[in-house]
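> Let me give you the structure first, and then I'll get to my questions.
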Amino acid sequence: METIYLNPTNLAHWQKRARTSVIALGFFDGIHKGHRLVIETAARKAKEKNLSLSVMSFFPHPKTILSNGKKRVDYLLPLSEKEKMLQTLGVDTFYIIEFDKDFAALSPEQFVTKYLIGLGVVHAVAGFDYTYGSLGAGNMDRLKNDSGGLLEVTKVSKVEWCGQKISSSCIREKLSKGHVEELPNYLGYSYEVKCDWDGMLFKLSPYYTLPAPGRYAVTLKNEMGSTQTEVIVMEKQEGQSLKCVKKIPIFMKGNLSIVWHRQIRVEDVKTKHVNTNVLVY
């Protein structure tokens, strides 16, 4: 899979090199079940047409730019992990557009002309609520017209769990309430964050979100193996911190992942001595 970072300076260069493709559109934070349906739908269309499969996303999150930095977005995973997941889904090209105020000011027609038609897209696939162009004026119902009839368009219906729309915002809300045990129903997998452990301290990798303060059953894993344990997420002035309930095996030292399984309620917890105090930066 080729990852291409797009901005006005290099856009013409990549337009010349672009392959004809079917593209999936969205921000794709977390690559949850709804995102997967969009990408899988685009993959089927690409296979039917014997074309390349592309995915187009943006960075940073539009909300941070449109709010002049006043709104903070808690990312579910970094771009590097998004790339790995997209590759497993058979994506050939991953376009990441530099989202800034100039890009946000493009009219819907300008976005379609420059970033879709100009990049060789012949069929666009996105969720039913996908918007584009200045003030989100463009939507899936007008995308074909905005392309001058050059694009085929597939609108993917809403994906729900227990009557609730699956979305990145919904998943962030679940994390903010500590409901990590519910996340596989939305993500399709247990939520996982990556960090580095030097034997004493955890250093959380950027663009992950920890769940709400509380006690959790987790799995720590790395290339050497894994161990099940419990951690306590605490809120401090300098940010969230973790206390590990049990001693961590030394083979976990270095890069590791924390897989979040469930929150342990207060009534389920017996009084124990917390022997390791681990700060997450």
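The values are calculated or read from the model by the stated rules, or taken from the named source; none is laboratory data. The shown structure was predicted, so the numbers you read here are calculated from the model rather than taken from an experiment. When we count neighbours, we look across all protein chains shown, and the Cβ atoms used for this are built from the backbone with ideal geometry, even at glycine. We work out accessible area using only protein heavy atoms, side chains counted, and drop any ligands, DNA or RNA first. Shrake-Rupley method; radii C 1.70, N 1.55, O 1.52, S 1.80 Å.
> Please determine whether any residue of the range 78-100 is over 19 Å from the mean Cα position of the chain (by Cα) and crowded, with 16+ Cβ neighbours inside 10 Å.
no
> Regarding Ala126, is this residue within 29 Å of Glu182 (Cβ to Cβ) and in contact (Cβ under 8 Å) with a residue 24 or more places away in the chain?
Yes: the conditions hold for Ala126.
> Return the residues of the range 26-50 that are touching a residue at least 12 places away in the same chain (Cβ under 8 Å) and open to solvent by 50 Å² or more (accessible area, probe 1.4 Å); say none if nothing qualifies.
Lys33, Arg36, Leu37, Glu40, Lys45, Lys49 - these are the residues of the range 26-50 that are touching a residue at least 12 places away in the same chain (Cβ under 8 Å) and open to solvent by 50 Å² or more (accessible area, probe 1.4 Å).
> Kindly list the number of the only condition in (1) part of a strand (DSSP E or B); (2) at pLDDT below 90; (3) out of contact with any Leu (no Cβ under 9 Å at 6 or more places or on another chain); (4) of a type outside the set (Phe, Trp, Tyr) that fails for Leu242.
(3)
> Kindly evaluate Lys203 against the criterion of being touching a strand residue (DSSP E or B) at 6+ places or on another chain (Cβ under 7 Å), modelled with pLDDT under 90 and open to solvent by 80 Å² or more (accessible area, probe 1.4 Å).
Taking the combined requirement at face value, the residue satisfies it.
> Is it the case that the range 101-110 has a residue that's farther than 21 Å from Thr9 by Cα and surrounded by fewer than 19 Cβ atoms within 10 Å (Cβ to Cβ)?
No - not one qualifying residue is present in the range 101-110.
> Criterion first (outside any loop (DSSP other than H, G, I, E, B), over 20 Å from Trp260 (Cα atoms) and at pLDDT 95 or above) does Lys155 satisfy it?
Spelling it out, Lys155 is indeed outside any loop (DSSP other than H, G, I, E, B), over 20 Å from Trp260 (Cα atoms) and at pLDDT 95 or above.
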